[in-house]
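Remarks on the structure that follows.
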Amino acid sequence: MIPENGSATLTTPAAEPREDRSSSDRPSRPIQILSEATIRFAGDSGDGMQLAGTQFTNTSALVGNDIATFPDYPAEIRAPAGTLAGVSGFQIHFSSTDIHTPGDELDALVVMNPAALKTNVKDLKPGGILIVNTDNFTPTDLEKARYARNPLEDGSLNNYRVIRVPIAKLTREAVSEFKLSPKEADRCKNFFALGLVYWLYERPLEPTLKWIHEKFAKNPQYVHANSAALKAGYNYGETLEISHVQYQVPRARLAPGTYRKITGNEATVLGLTAAALLSGRTLVYGSYPITPASPILEGLAEMRRYGVKTFQAEDEIAAVGIAIGASYGGAIGVTGTSGPGICLKSEAINLAVMTELPLVVIDVQRGGPSTGLPTKTEQADLLQALFGRNGDSPVAVVAPRSPADCFDMILEAVRIATQFMCPVFFLSDGYLANGAEPWRIPELARLPRLTITFATQPNSEGWNGPANEAAIDGEGGGAGKFLPYKRDARLVRPWAIPGTPGLEHRIGGLEKQDVTGNISYDPLNHEHMTRVRRQKIENIADTIPDLEVWGDPDADLLMVGWGGTYGAITTAVERLRRRGFKIAQTHFRYLNPMPKNTEAVLKRYRTILVPELNTGQLCWLLRAKYLVPAQPVSKVQGKPFLVSELESAVEKVLGLKSN
Amino acid sequence: MAVTTAPLPTLKPDDFKTDQEVRWCPGCGDYSILAQMKKALASLGIPREKMVFISGIGCSSRFPYYMNTYGFHTIHGRAPTIATGLRLANPDLLVWVVTGDGDGLSIGGNHLIHALRRNVDIKILLFNNEIYGLTKGQYSPSSRLGTLSKTSPGGSFETPVRPLSLALAAEATFVARTIDVDVQHMVHILQRAAHHKGSAFVEIYQNCKIFNDGVFEYATDKSVKADNLLYLEHGKPMLFGKDRNKGIRLNGLKPEVVEVGKDCGLDDILVHDESAEDPTLAYLLSRFVHDTSRDVARPFPEPVGVLRAVRKPTYEELLDARIADAIARKGRGKLEDLFKAEDVWTVE
Ligand SMILES: Cc1ncc(C[n+]2csc(CCOP(=O)(O)OP(=O)(O)O)c2C)c(N)n1
Ligand code: SF4
Ligand SMILES: [Mg+2]
């Protein structure tokens, strides 16, 4: 999560293991205290691994850990069972200290079948705990995962602490009294596995039991069966002592406050809903379902009583049209999609650029081009957001840096759009959208004000007619008229909504004369308007914070990131500095306009590295805009950066260094 | 549209004039539509600020610039989406969509279908000149077979879309047709559309003087039009012809043109019921085509007037009901309870 003051604090080294002879009536067992742990549940898409991971996350958050998660699932809802393509995983990093990433390597891995073993075991630390569901290692299962020999028998797993558990069989036994079909009984397997891991890390069962009760309230036999499976897993760990030691990750020292767990998409939903409440305006969200943005549409559909209207449009063009029409009518118009949908919206976004109407465009980026990698993360739509439209078409662009930051930045997007009458891109990504972290619930009094004012009166007083005589349709000066493109000092035009008496006016996508808004093909007017539209976006810089710089004042190297890579870069910088490297870090949340001190910050460092999940888009931009020797650190594998990858990128530039 | 409680404004057609120079070609059918619209609006008793014209791109879509109401000239084909968004923001406005056969049936065909299907309270006027006017004369999806244009040398060989059939298939609750030069009829139809609750679809035969002059001559030429048009009136038998002695009879599922007194009596003639829940008869009418060079064996008089007008809940009404329901169940949402919906924990 993001530390309160925005500065990266150093994590304390892991505590030494200690023996803890508990005095309770539980069998005394050594308990090892860890400062942090990373685990992953992996299985077939149908095995309920996302659910197990989410439950583990919720419980860890409730016991007070800092958390960061990484759900990773295939694009196919159900790829053929047992195949490598169908493996779904959920990774949780939980900690007693401040953390920013879902973790590079796993301390423990649960695999429900050979395919999950094959695709995940390489991420397990040497000596790490590997819990294997042995029931799914038949010759057919092995063949589906393309194993020539059974890895449980050929010694290839000798580097790990393998715990073999017939999870399917034990689950069936645990739920036998509830009269479930064999298929239904098998569906409880994930709760057995979860119970087992709860035992290993000494977590309470109550939050999950409560969840099961609420979720399956209509089906009492599912409540009983899933609860029984969860407890059976826990008890199995306890009685069979599957491990000679249990682990404890104590609560983190988070800033005082009330917390909840939040994913990026959830934070986006809450931020948009808060925007409706804070402004007192209806928020209209037009969207067409697409991974990984759909949960925003689904989440907002539940927010009707808060003044949110969702509209599931016939396509992405309609969705953005809905948002523009809503803005035109005085609501907060928002549309959300992923890259392929942005392609479809380009023309309409330009209509908002040209007419100067507020519009928030959410792009939850995924691997591209084309359909690309629907369920995987990437940051490759930055230049599309900035430039992917015809004509000189400036828009504002912001990007959240963590799941919880989606709340703050979507509020910023709404603020900028409504204050500057322009489209604002909000560049989230698949990793932020699905990843979770603790979020300190903001105090209501500290939420930003979102004051929206509409024009109510004619504004032509003091205006003496168009300066440029090439105006075609003679609008003379004089009081009592409404001039839709008469600008204020920041170059912002008035927002006059239909229904307002006396302000009837026409707008459109054709070039218009400044001030009057009349259609104009005058060459000088077009150049003037092009510059005005650009300058207006530049003026937003007066309202955004400067870039913050963290790390060593006398750093040799500056790491520059944007969006969802913040956690990995921050952790890499912390580690490198602990190893003696002199490094500084800065992170863009505002990409257009960029903060005013950007040039000054960049020019302070001889070496600039720009890690991005693309082939170097921000890097390209910084080089072009500021003529600085920025170098890209690229990864385009549909996955977030590992901290170690960033460390070695720096080592490559600065040379190896030991403590 | 909500009924206003303030005293009804008394407006004259000229109150809707803007100071913009109208730039359609001389003789263009759009001029007449503009004039009739001003008359229709002046009669409604609705203040100008509550009227909005939203258009796409095309000659026809320049319409909003010439109406002294609120207006939005948007992008090609997308006007229904923007109109829908506007209605979501403010359900108290009378929202018109002006579109052309290219704008509404080609690039924007998808939006047209879905706006009608949802019964959003917008009034869609399709200026059908069977040609792309603004781009200077290419054939359109409604161009009849054989249309000679710059992109169809030798004549168009694409089956044309029938706008009224399409609207009915899309579950439109109000479907009508009128003609640019039939000024009284058009005023009446525009008023009917304005008063309809839900989406209204009106096809207007519009002559493009420059690129498709005369395609509707059979429907406008005084010497022949009575034989070629079927003026629909609710509750009245479907009679037409100079002597009003021809009519439409149903033979099984097949309509046929008959002569009253010769082939049958008046009782055998179909009686028009625009309010029929079942759109089947309206659909049959929507397929009447006069011109046998089109894909029909026998000529039928082309219906003008209201084919269908039924009252169904609008999208806005249904959404408002859902909102009211959510508030009734859980109360109006406040910031205080927004964040606390999920499990929370406290750090001291
Ligand atoms: C995206 C896009 N594609 C193409 C055009 C060019 N264009 C402008 S109007 C038009 C056709 C208009 O035909 P119609 O809707 O029948 O209107 P009319 O001019 O006949 O009234 C086309 C193709 C455009 N403006 N935008
Ligand atoms: S080109 Fe045709 S439709 Fe366009 S203004 Fe001229 S006559 Fe009218
Ligand atoms: Mg046309």
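Quick notes
- In order through the stretch A:218-231: 3J(HN,Hα) via Karplus (6.51 cos²θ - 1.76 cosθ + 1.60), integer Hz, x for Gly, Pro: 7, 10, x, 5, 6, 4, 4, 5, 5, 5, 5, 5, 4, 5
- Global size of the stretch B:216-283 as Cα Rg and Dmax, reported in angstrom: 12.6, 36
- Cβ-based net charge around A:Pro498, under 12 Å, with every Lys or Arg adding one and every Asp or Glu removing one: +1
- When the inverse distances between all different Cα atoms of the stretch A:183-243 are averaged and flipped, the Kirkwood radius reads 11.5 angstrom.
- Other-chain or far-sequence residues with amide H under 5 Å of A:Val162's (modelled H): A:Leu130
- Equivalent ellipsoid semi-axes - Cα gyration tensor, the stretch A:582-642, angstrom: 20, 13, 11
- Normalised by the number of residues in the stretch A:262-442, the mean separation of alpha-carbon contacts (under 8 Å, six or more apart) gives a relative contact order of 27 percent.
- Sequence-separation-based contact order of chain A, relative, with Cα cut under 8 Å and 6+ spacing, percent: 11 percent
- Zone of B:Lys150's modelled label, taken as backbone nitrogen in the stretch B:189-221 under 20 Å from a point 7 Å along Cα→Cβ: B:207-215
- Averaged over the residues of B:48-59, the number of partner chain Cβ atoms lying within 10 Å of the residue Cβ comes to 3.
- Charge sum, other residues only, whose C-beta stays under 12 Å from A:Asp363's C-beta, Lys/Arg counted +1 and Asp/Glu -1: -2
- Working note: Karplus 6.51/-1.76/1.60 with θ = phi - 60° gives the stretch A:309-325 the couplings 10, 9, 9, 7, 7, 6, 6, 5, 5, 4, 4, 6, x, 4, 5, 5, x Hz, where Gly and Pro are set to x.
- Remark: the stretch B:230-348 is approximated by an ellipsoid whose semi-axes, taken from the C-alpha gyration tensor as √(5λ), come to 57, 15, 11 Å, largest first.
- Per residue, the convex hull volume that the Cα atoms of the protein assembly as shown enclose (Å³): 214 Å³
- For the stretch A:32-254, the relative contact order works out to 24 percent when only alpha carbon pairs closer than 8 Å and six or more residues apart are counted.
- Counting other Cβ atoms within 10 Å as a rough exposure proxy, the listed residues B:Val120, A:Val532 run A:Val532, B:Val120 from fewest neighbours to most.
- Within 10 Å of each Cβ in B:64-77, the average number of Cβ atoms from other chains: 6
- Amide H contacts under 5 Å for A:Phe588: A:Gly561, A:Trp562, A:Gly563, restricted to partners 5 or more places along the chain or on a different chain, H placed in the peptide plane at 1.01 Å from N.
- Radius 10 Å from Cβ of A:Lys125, net charge of other residues (Lys, Arg +1; Asp, Glu -1): -4
- Per residue, the convex hull around the alpha carbon atoms of the stretch A:32-254 comes to 117 Å³.
- Extension gain from A:His528 to A:Gln32, taking 0.36 nm per residue of separation minus the Cα-Cα distance: 171.7 nm
- The helix-only estimate of mean residue ellipticity at 222 nm for chain A, built from DSSP H runs of length n ≥ 4 each weighted as -39500 (n - 2.57), is -10000 deg cm²/dmol after division by the residue total.
- GNM top mover of B:Leu166, B:Leu250, B:Leu285 - chain B, alpha-carbon springs below 10 Å: B:Leu250
- Highest to lowest packing among A:312-320, B:259-267, A:163-171, A:277-285, scored as the average C-beta count within 10 Å: A:312-320, A:277-285, A:163-171, B:259-267
- With both residues required to sit in the protein assembly as shown, DSSP beta bridges show an antiparallel share near 35%.
- In order along the stretch B:26-33, the Karplus-derived 3J(HN,Hα) couplings, from 6.51 cos²θ - 1.76 cosθ + 1.60 at θ = phi - 60°, round to x, x, 5, x, 4, 4, 5, 4 Hz, and Gly and Pro are given as x.
- Peptide A:303-313 has a mean shielding of 6, counted as Cβ atoms of other protein chains within 10 Å of each residue's Cβ.
- Whichever lysines have a C-alpha closer than 28 Å to that of A:Lys309, once near sequence neighbours (fewer than 8 apart) are set aside: A:Lys215, A:Lys261, A:Lys345, B:Lys50, B:Lys123, B:Lys197, B:Lys312, B:Lys330, B:Lys334, B:Lys340
- Least to most buried among B:Arg48, B:Arg298 (fewest other Cβ within 10 Å first): B:Arg298, B:Arg48
- When restricted to Cα atoms, chain B yields an Rg and a Dmax of 22.5, 96 Å, respectively.
- Rounded to the nearest 5, the antiparallel percentage of DSSP beta bridges internal to the stretch A:51-186 is 40%.
- Calculated over the stretch A:262-442: convex hull of Cα atoms, volume per residue (Å³): 93 Å³
- Ordered by the count of other Cβ atoms within 10 Å of each Cβ, fewest first, A:His528, A:His93, A:His100 give A:His528, A:His100, A:His93.
Read-outs: derived from the displayed coordinates by stated rules, not from any lab. Everything numeric here is computed off the predicted structure, so don't read it as measured data. Note: ideal-geometry Cβ built from the backbone for every residue, glycine included; neighbour counts use all protein chains shown.
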